[in-house]
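Worksheet: one structure, shown below.
The values are calculated or read from the model by the stated rules, or taken from the named source; none is laboratory data. Bear in mind that the values here come from a model prediction, so they are computed numbers and not experimental data. Cβ sites come from the backbone with ideal geometry, for glycine too, and all protein chains shown count toward neighbours. Note: accessible area is taken over every heavy atom of the protein model, side chains too, but ligands, DNA and RNA are not part of it. Shrake-Rupley method; radii C 1.70, N 1.55, O 1.52, S 1.80 Å.
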Amino acid sequence: MPEHLRSDAHPTAAGRGRPPGARVALAAALFAIAAASTALAVADRASAKKERRPNVVVIMTDDQTVESMRVMDTVDATLAERGVTFANSYANFPLCCPSRATLLTGQYAHNHGTLGNAAPEGGFAKFTADHGANTLPTWLQGAGYSTTLIGKYLNGYGGDGGETFVPPGWSEWYAAVLQAQRVYDYTLNENGALVRYGEAPADFKQDVITNRAVDVINRRAPARQPFFIFASYTAPHGGQNPTSNPPSECETTAQPAPRHADVFDSEPLPQPPSFDETDVSDKPTDIQSRDPITAAQRDQITTRYRCRLGSLLSVDEGVGRIVSALRSHGELGDTLILYTADNGFFGGEHRVQNGKTRHYEPSSRVPLVVRGPGVPEGKTARELAVNADLAKTIVDATGASPGLNLDGRSLLGLAAEPKRERGREILIETRTYSALRNARFKYVEHTSGSNEGQIELYDLERDPFELQSQHANPAFDALEAQLAARLHALRDCAGTGCRTKPALKLKLRKRRGCVPRRARARVKGADASGVGKVTFEVDGKRAGSDGDSPFKERLSKLKRGRKSKVRAVPEMTDGRVVDLTKKARGCR
């Protein structure tokens, strides 16, 4: 195994004794100068601390499901309990390369153009040809950041003789070449030099990625220059890993570290209601054509599931080491950490034994936890998020200037107020379908292949496992037409057009600049006809609700002579939920 870089502290001490015969006046003057210098130095450090932009660390896994987060105790303790968990986070294009391209551009796949893992539709070569030096790391470098990639980059990287190529924008580069999923016997391009790793337990790739990330922090943290680190783990992605290291049963799937070989030997396979779905008559053709899962196939899925969980434990440990390194250098409080995955994975749901790409929740829904400056601790946000939001969040936090029209929105405001709902709808898309997802519904149109022309519609509030599509239910015809119209606009959206929300306003009747104690609050706006119900609150306490138009409520809990926070939450009949707030001073 190659020798890792080491960073050792070399403290210096400078001191000079005073001449024995120095006069008291001179000593006093020197003392005053030293005291003034110290005060200035302290002030400078305080000012620099106040003005300093945060470091950013993105930790990404490969093919990780939300369900598997239950085994990641360190992520829970160091990130989730110290930050915000986004419970409804999605990958716009649930496949490795397109998803990572979205992180690097802040755009939906139909805008960044990387529509697969390989040429001609996608892969590293197409992404680089399309975007060159106009990506997130170049924007961050332009803002004064050092930038480091460690682990997996884009599918196909290192092919066609490009093993030593380092893409623009990266100050440090430690990328897996070609067979990026292998955890033994692999090659990394380390700043232009190819370094081969073998089969020893110390060469286990997830640990090497962690070692490198910690090393970068140890070297970069003492400097004033802020840093961006993209730690891109390959777990729990499967791969061909013939090795003498345990566990042997995981050679063709995700490989745990030898120390974790037996941890999940007896772990039962989760079997939600969608597992081996009994009635798939409501599903598209390619799902209907799948046979029920056999006992032997169930055993294979179980083995794969146990291996995948085991492979994540090394990542969980790695997160702990990264957080500890940041803490040891006093950088943890000034670092924005985002933990996520490029896409999910199937384990028998809807008869799909493995893989991703589909719009169903196991594939498109991904973990997302954010910790950092201004982010409250131990909160959960229910509002929808999508991986296009990550780049927007990072550029907003760092002050970088993006060179592209970003489709996502910053999550910082939502993290600061995790209860807020903004009536958002997001796009899930591949080359064969496009889907609209809002707070309640998912509407899907299949555009090619065996499913061409077929649609699906799920009420996720009543049917969270997507067992019964309502597309053939006449009671949903009007809703289906609404969602179809908005999906058609969303599938071609760009920039702010991807972030539309219902046109609604909260109105408070005032008198001489204040609000009477029994004043009326009302929800109005161009989209008021689509509201089904509005719930009102004053200072976090329920103040009533109205299910009939016009949507209004008399407020009896306003504080006299003081400001209160009035909140209205309209629930749209089309599934969107909006949070409208105003501060108002109650009349004396």
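What ratio of Cα Rg to 2.2 N^0.38 Å holds for the stretch 329-370?
Details: Rg = 15.3 Å, N = 42, 2.2 N^0.38 = 9.1 Å.
My calculation over the Cα atoms of the stretch 329-370 gives 1.68.
Near the amide H of G116, under 5 Å away, which other amide H atoms are found, from residues 5 or more places off or on another chain, if H is placed in the peptide plane?
Amide H to amide H, under 5 Å and 5 or more residues apart or across chains, G116 pairs with G122, G123.
Of all the accessible heavy-atom surface of the stretch 465-588, with the other protein chains kept in place and a 1.4 Å probe, what percent is carbon and sulfur? List each step's numbers first, then the result.
Numbers: 3120 of 6900 Å².
Carbon plus sulfur share of accessible area: 45 percent.
Give me the three principal axis extents of the stretch 121-234 from the C-alpha atoms, as integers in angstrom, largest value leading.
Here the Cα extents, ordered largest to smallest, are 39, 39, 21 Å.
Which value, to two decimals, describes the C-alpha radius of gyration of the chain once divided by 2.2 N^0.38 Å? All intermediate terms of the calculation are to be shown ahead of the outcome.
Working: Rg = 27.1 Å, N = 588, 2.2 N^0.38 = 24.8 Å.
So the chain has a normalised radius of gyration of 1.09.
Where nothing but the Cβ of Lys and Arg (+1) and of Asp and Glu (-1) is charged, how large is the charge dipole of the chain around its Cα centre, in debye to the nearest 20?
Working: 80 positive and 68 negative charges, 1127 e Å.
Charge dipole of the chain: 5420 debye, to the nearest 20.
Once you have a ≥ b ≥ c as the square roots of the Cα gyration tensor eigenvalues for the stretch 160-227, tell me rounded if a/c is under 1.5, and otherwise prolate or oblate according to whether a/b is larger than b/c. Each step should come with its number before you reach the end.
Working: a/c = 2.91, a/b = 1.31, b/c = 2.22.
Oblate, since a/c reaches 1.5 and b/c is not below a/b.
To the nearest µm²/s, what D does Stokes-Einstein give for the stretch 255-328 at 10 °C and 1.306 mPa s, using the Kirkwood radius over alpha carbon pairs as Rh?
Working: Rh = 15.1 Å.
It diffuses with D of about 105 µm²/s by this estimate.
For the stretch 332-404 and the stretch 459-524, what is the separation of their Cα centres, given in Å?
If you average the Cα positions of each part, the centres end up 23 Å apart.
Let me spell out the model: positive unit charges on the Cβ of Lys and Arg, negative unit charges on the Cβ of Asp and Glu, origin at the Cα centre of the stretch 321-384. What dipole size does that give, in debye rounded to 20?
Roughly 200 debye for the stretch 321-384.
Considering only protein heavy atoms, with the full assembly of protein chains and a 1.4 angstrom probe, order T252, T432 by accessible area, largest first. The partial results should precede the final answer.
On the way: T252 100, T432 60 Å².
From most exposed to least exposed: T252, T432.
Less than 22 Å apart at the alpha-carbon level, and either on another chain or at least 8 residues along: which lysines does that give for K379?
K392, K419, K541, K565
Indicate the helices, whole DSSP H runs only, in the chain that combine a mean Kyte-Doolittle hydropathy of -1.0 or more with a Cα extent along their long axis of 18 angstrom or more. Show your work: numbers first, answer last.
On the way: long enough: 24-51 (40 Å, 1.03); 205-220 (22 Å, -0.76); 295-328 (50 Å, -0.20); 477-490 (20 Å, 0.43).
The answer, listed by residue number, is 24-51, 205-220, 295-328, 477-490.
Mind checking which of T447, Y433, L414 is farthest towards the positive end of the stretch 400-453's charge dipole, using Cβ charges of +1 (Lys, Arg) and -1 (Asp, Glu) about the Cα centre?
L414
Would you mind calculating the relative contact order of the stretch 434-588 from Cα pairs under 8 angstrom and at least 6 residues apart, reporting the percent as a whole number? Walk me through the intermediate numbers first.
On the way: 295 pairs, mean separation 28.5, N = 155.
After rounding, I find 18 percent.
Rg and Dmax of the stretch 209-352 over Cα atoms: what are they, in angstrom?
Expressed in Å, the Cα Rg and Dmax of the stretch 209-352 come to 19.7, 61.
What residue among T357, V319, A296 has its Cα farthest toward the positive end of the dipole of the stretch 286-395, where the charges are +1 on Lys, Arg and -1 on Asp, Glu, each on the Cβ?
Comparing the listed Cα positions along the dipole, A296 ranks first.
On the accessible surface of the stretch 49-97, probed at 1.4 Å, how many percent belong to carbon and sulfur atoms? Please list the in-between numbers first.
Working: 780 of 1610 Å².
Answer for the stretch 49-97 is 48 percent, counting heavy atoms of protein chains only.
Which of the three applies to the stretch 52-150, rounded, prolate or oblate, going by the alpha-carbon gyration tensor with a ≥ b ≥ c and a/c under 1.5 meaning rounded?
Details: a/c = 2.45, a/b = 1.31, b/c = 1.87.
Cα axes put the stretch 52-150 in the oblate bin.
Nearest 500 deg cm²/dmol is fine: what mean residue ellipticity at 222 nm does the chain get from its DSSP H runs of n ≥ 4 alone, each adding -39,500 (n - 2.57), divided by its residue count? Each step should come with its number before you reach the end.
Values: 12 runs with 144 residues, N = 588.
It comes out at -7500 deg cm²/dmol, rounded to the nearest 500.
Can you give the accessible area per residue of the chain, in Å², using a 1.4 Å probe? Please list the in-between numbers first.
Details: 25230 Å² over 588 residues.
That works out to 43 Å² per residue.
Can you compute the charge dipole magnitude of the stretch 241-371 about its Cα centre, using +1 on each Lys and Arg Cβ and -1 on each Asp and Glu Cβ, nothing else charged? Give it in debye, rounded to the nearest 20.
Details: 14 positive and 19 negative charges, 57 e Å.
About 280 debye.
Evaluate the relative contact order of the chain (contact order divided by residue number), counting alpha-carbon pairs under 8 angstrom at least 6 apart; express in whole percent.
Working: 1298 pairs, mean separation 97.4, N = 588.
Result for the chain is 17 percent.
Specify whether the C-alpha gyration tensor of the stretch 357-421 places it in the rounded, prolate or oblate class, a ≥ b ≥ c being the square roots of the eigenvalues: rounded for a/c under 1.5, otherwise prolate if a/b is larger than b/c and oblate if not. Write out the running numbers ahead of the final one.
On the way: a/c = 2.15, a/b = 1.11, b/c = 1.94.
In terms of gyration-tensor shape, oblate.
Among L580, F93, N155, which residue has its Cα positioned farthest towards the positive end of the charge dipole of the chain, with +1 placed on the Cβ of Lys and Arg, -1 on the Cβ of Asp and Glu, and the dipole taken about the Cα centre?
Checking the options against the dipole of the chain, the answer is L580.
Determine the share of the stretch 309-381's accessible area contributed by carbon and sulfur atoms, expressed in whole percent, with a 1.4 angstrom probe.
On the way: 820 of 1890 Å².
Answer for the stretch 309-381: carbon and sulfur cover 43 percent of the accessible area.
Give me a comma-separated list of calculated 3J(HN,Hα) values for the stretch 370-386, in order, Karplus coefficients 6.51, -1.76, 1.60 applied at θ = phi - 60°, integers in Hz, x for any Gly or Pro.
10, 10, x, x, x, 9, x, 9, x, 10, 10, 9, 8, 4, 5, 10, 9
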